[in-house]
Amino acid sequence: MLTVQHRQANLIGDGENKFAVQYGTGAGVGNGGTGDTTNGSDVHRVRIVEGLYSQLTNKLGGQLVAVYQKDTANDITKASKWTTFGGRLAYGLTPHIKVLADLGRDSVTPGSGGSSRNLTKFTIAAALAAGPGYYSRPELRLFYTNATWNNAARTAAAAGDPLSLTGVFGNATRGSVVGLSAESWW
């Protein structure tokens with residue numbers, strides 16, 4: 001596994017850009033961890049990641065992310081192309097209460113030539129945080145997420161997965177979740 005990363009600071013206020021290209025083969029396709037140890041040398045992964053973060057004002061921050069990943073292998077069940085892009089905005093209403101909104105889309109095309117598996121989701125949240133900044137942590141969020149996916153995504157989901165026919169959404173291709181999440185680091 002090899003990763004080459006370029007980081008640039010002080011963009012658009014207190015912003016930062018990260019651009020990375022990763023290449024792995026065999027068990028090295030884990031992108032930071034060990035991948036499937038049964039992979040042979042025919043399994044390859046190329047991943048390109050672009051991320052832009054900025055704290056535009058004391059109260060308003062955001063992030064945009066795009067990923068392209070292509071897995072190739074002699075075994076077509078291990079081959080695919082994945083693209084994802086999304087963004088999140090955070091606005092500090094008070095020194096410790098923020099409103100967050102994010103939108104994202106994922107698409108996976110299997111190497112077998114089947115239909116692309118697509119999922120689009122929108123989340124809005126209220127957060128109690130250490131400060132009004134985008135990366136102020138710890139953060140406790142009350143969120144609402146609405147997602148839509150296609151039949152190919154539902155069919156590819158493992159039994160019991162929320163998107164599968166045996167999952168919580170059953171035969172639906174749209175669903176919503178309300179929940180509580182916490183995030184912290186040190």
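The values are calculated or read from the model by the stated rules, or taken from the named source; none is laboratory data. For clarity, every value in this text was computed on a predicted model and none was experimentally measured. Methodologically, a virtual Cβ is constructed for each residue, glycine included, from the backbone with ideal geometry; neighbour enumeration extends over all protein chains shown.
Determine whether Leu93 is free of Cβ contacts under 8 Å to residues at least 60 places away in the same chain and crowded, with 18+ Cβ neighbours inside 10 Å.
In short, no.
Do we find that Thr123 is surrounded by 14 or more Cβ atoms within 10 Å (Cβ to Cβ) and either over 23 Å from Arg47 (Cα atoms) or hydroxyl-bearing (Ser, Thr, Tyr) (or both) in this structure?
Here the answer is yes, as Thr123 does meet what is asked.
Quick check: anything in the range 128-148 at pLDDT 95 or above and farther than 28 Å from Lys59 by Cα?
So far as the range 128-148 goes, yes, one or more of its residues are at pLDDT 95 or above and farther than 28 Å from Lys59 by Cα.
When both residues are 6+ apart or on different chains and their Cβ atoms are under 8 Å apart, which pairs have a first residue that lies in the range 156-179 and is in a loop (DSSP other than H, G, I, E, B), and a second that is loosely packed, with under 11 Cβ neighbours inside 10 Å?
Close Cβ pairs (under 8 Å, with a partner that is loosely packed, with under 11 Cβ neighbours inside 10 Å) amount to Ser164/Ala158; Leu165/Asn171; Thr166/Ala159; Thr166/Gly160; Gly167/Gly160.
Find the residue count for the range 1-26, including only residues that are of a type in the set (Val, Ile, Thr) and either surrounded by 17 or more Cβ atoms within 10 Å (Cβ to Cβ) or in contact with a Leu (Cβ under 8 Å, 6 or more places away or on another chain) (or both).
Residues in the range 1-26 being of a type in the set (Val, Ile, Thr) and either surrounded by 17 or more Cβ atoms within 10 Å (Cβ to Cβ) or in contact with a Leu (Cβ under 8 Å, 6 or more places away or on another chain) (or both): 2 in total.
Return yes when Asn58 is under 30 Å from Asn10 (Cα atoms) and exposed (fewer than 15 other Cβ atoms within 10 Å of the Cβ) and no when it is not.
Yes, satisfied.
Test Thr34 against the criterion of being among the β-branched types (Val, Ile, Thr) and surrounded by fewer than 18 Cβ atoms within 10 Å (Cβ to Cβ), and give yes or no.
Yes, satisfied.
Return the total of residues in the range 147-186 being of a type in the set (A, V, I, L, M, F, W, C) and surrounded by 15 or more Cβ atoms within 10 Å (Cβ to Cβ).
Adding up the residues that qualify gives 8.
Got at least one residue in the range 31-38 being in contact with an Asp or Glu (Cβ under 9 Å, 6 or more places away or on another chain), on the phi < 0 side of the Ramachandran plot, modelled with pLDDT under 95 and small (Gly, Ala, Ser)?
no
Is it the case that Asp75 is surrounded by 18 or more Cβ atoms within 10 Å (Cβ to Cβ) and not β-branched (Val, Ile, Thr)?
no
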